[in-house]
Each structure stands twice: as structure tokens, then as C-alpha cells.
Amino acid sequence: MSTTELLAPDGPSKGTITLVHLYPREMSIYGDRGNTHALASRIRRHGYTAEVVLHDPGSPFRDDAHLLMGGGGQDSGQARVEADLEAVGPTLASMAADGVPMLMICGMYQLFGNSFHTVTGQELPGLGILDVTTRGNDKRMVGPVCVETEWGPVVGYENHSGSTVLGEGQQPFGRVLAGYGNNGEDGTEGARTRNVIGTYLHGPLLPANPMVSDALIAVAAERATGGPFEPEPMSDPLADEARGRQVRRLVGTR
């Protein structure tokens, strides 16, 4: 059963942005639900109402969502959501093609790809929204990460044994400055198609990288209101300091 919560801004609302978190119980074992809290809080700070929907397997899917979030999980968690993801997959693919912003972390990033091959030989089919293929292996890629993106350096923490390879022409989320990224070999991290971002970065990712939140919210706000995004002036000294310290620690002075 899905759960819905409305979070209104302190003043008059500029509109309602519907944020759907996919499988918060099964696919959120590394604190990724913190990304949903960060998005909802920032939506409110920008003067919009955040309608937060927690989508569980078997529940009706909100195909009118303006923004989607999905987190990481173990292979068993991926298997538990497989049937529901197959059912809503065509709708998700259509929404992605239409430009709906989505942030998919770790396990959900893998399932948004073409397929995930587990270390036991099981193949979990993906949605094919991102042209990536993932294979489980014995090597675990763990540690802090710094990635150069179009919004500047983004920091986080990775913990995955899946090795992901981008298809020809698939744009990465960014280039690895420190850490493993997709596979520890080709220097790529994550993937991006239209407004869909897949990444291995936990942390959770968004509290330390509010510029990524704003990029997602800007598109969602335009879709929700039919007009331009109307941001509020924002100051994020704690996030900026935390991110800057990690960048300096991992890659030195920029």
C-alpha cells in the first residue's frame, strides 16, 4: 500500500510537485531515503508543496508524478520488486522518454539498465531506460567518491559489487576523480539519459550536493506548473563545506 504525505511551504504555494519514491522498504538500505527527505525539504524551501508518495510493490502507480527517486538494495531486494517493476516498467519508460526527472541509486540504477547478472548466474531483466549492463563479481567497490559532472564536483560513497558497463553512446553521470565509479576501469560513473540519472553514489547523495537536487526540481516544477521554475534564493554553507572538504581530501586543491 502506498503512503502519501503533503508538505506545504511556509508561505503561499507556487504549485504542487509530486515526488514518488520507488520501493522505500526493499530498495533503501544505504540511507537513500534521505534523498527523498532532501528533495521534499528543498521543494518546500523553494516555495512549492511537496506531495511525497512511497510506492510499494503491488500498489497503484502514480503515472502523473513529476519526479521519481529510487535507492539501493541487495540482490534479494531487487528480486522482490522485479514483478512490480515489470508491471510498471512500460509506464516508467514512457515517462522517462517524456522527460520526467528521475534519480536512481545503486540497485535501482542497475534495474533501470538492460540487465543485471548476479554472481550466482541469475539474470534479472532491466527496463532498458539506461543503456547499461551490470554483472556481479567477487570484487566489492567501496569507499568515498568524487565525480566531475556538469554541475561541478559531486561527492558520495559507493558500496557495490556490481560492475556496470555503458552501452555505446550512453552518457555517464560524470567522470571519476576519485573512487571506482561504474566498474573501476573506464573512469565513468553512473549514466544519464534525458532527465534520468543513474548513479552508485550513496551518502545519501543529495544533502551534500544540493545543486543536483535543484536541477531535478527545476524540471519537475516546470512540469507541475506549466511555467518556469521560480527558485528562492538559497544558501547551503554546511553542504558546501562538507562537499568541499571531501573534494580536497580526495583530489586535492582545485
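FYI, it's all coordinate maths here, none of it is from the lab. Please read these numbers as outputs of a predicted model, since none were measured by experiment. Using ideal geometry, Cβ is built from the backbone for each residue, glycine included, and neighbour counts are taken over all protein chains shown.
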Inter-centroid distance (Cα atoms) of segment 14-79 relative to segment 155-184, Å: 23
Under-5 Å amide H pairs with Ser2, H placed in peptide plane, nonlocal only: Asp56
Karplus 3J(HN,Hα) series, Hz, for segment 221-232 with 6.51 cos²θ - 1.76 cosθ + 1.60 (x for Gly, Pro): 5, 5, 6, 6, 9, x, x, x, 5, 10, x, 9
Choice from Gly181, Gly113, Gly169 showing the highest fluctuation, given a GNM over the chain with Cα pairs closer than 10 Å: Gly169
Environment charge of Arg45, counting only residues whose C-beta is closer than 15 Å and scoring Lys/Arg +1, Asp/Glu -1: -2
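Which percentage, to the nearest 5, of the DSSP beta bridges contained in the chain is antiparallel?
Values: 32 of 53 bridges.
In the chain, approximately 60 percent of DSSP beta bridges are antiparallel ones.
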DSSP-assigned coil residues among trypsin sites (Lys or Arg not before Pro) in segment 165-196, each with at most 16 further Cβ atoms within 10 Å: Arg194
Mean residue ellipticity (222 nm) of the chain, computed from DSSP H runs ≥ 4 via -39,500 (n - 2.57), nearest 500: -9500 deg cm²/dmol
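So, counting K/R as plus one and D/E as minus one, what does the shell of residues with Cβ under 12 Å around His55 add up to? Walk me through the intermediate numbers first.
Working: positive: Arg25, Arg62; negative: Glu26, Asp56, Asp63, Asp84.
Charge balance in the 12 Å sphere: -2.
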For segment 44-49, Karplus couplings with θ = phi - 60° (6.51, -1.76, 1.60), whole Hz, Gly/Pro x: 5, 5, 7, x, 10, 8
Contour minus Cα-Cα distance for Leu250 and Glu86 (0.36 nm per residue): 55.1 nm
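If you rank His117, His202, His66 by fewest surrounding Cβ atoms within 10 Å, what's the result?
Working: His117 17, His202 22, His66 26.
Ordered by Cβ neighbours within 10 Å, fewest first: His117, His202, His66.
For an R0 of 45 angstrom, estimate the FRET efficiency from the Cβ-Cβ distance between Asp63 and Asp186 and round to the nearest 0.05.
Values: r = 35 Å, r/R0 = 0.78.
Computed FRET efficiency for Asp63 and Asp186 comes out at 0.80.
GluC sites (Glu not before Pro), restricted to segment 162-222: which are DSSP loop and have at most 13 other Cβ atoms within 10 Å?
Of the GluC sites (Glu not before Pro), the ones in loops of segment 162-222 whose Cβ has at most 13 other Cβ atoms within 10 Å are Glu168, Glu185.
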Residues whose placed amide H lies under 5 Å from that of Glu158, excluding near-sequence neighbours: Gly143, Val145, His202
Cα gyration tensor category, rounded, prolate or oblate, for segment 86-196 with a/c compared to 1.5: oblate
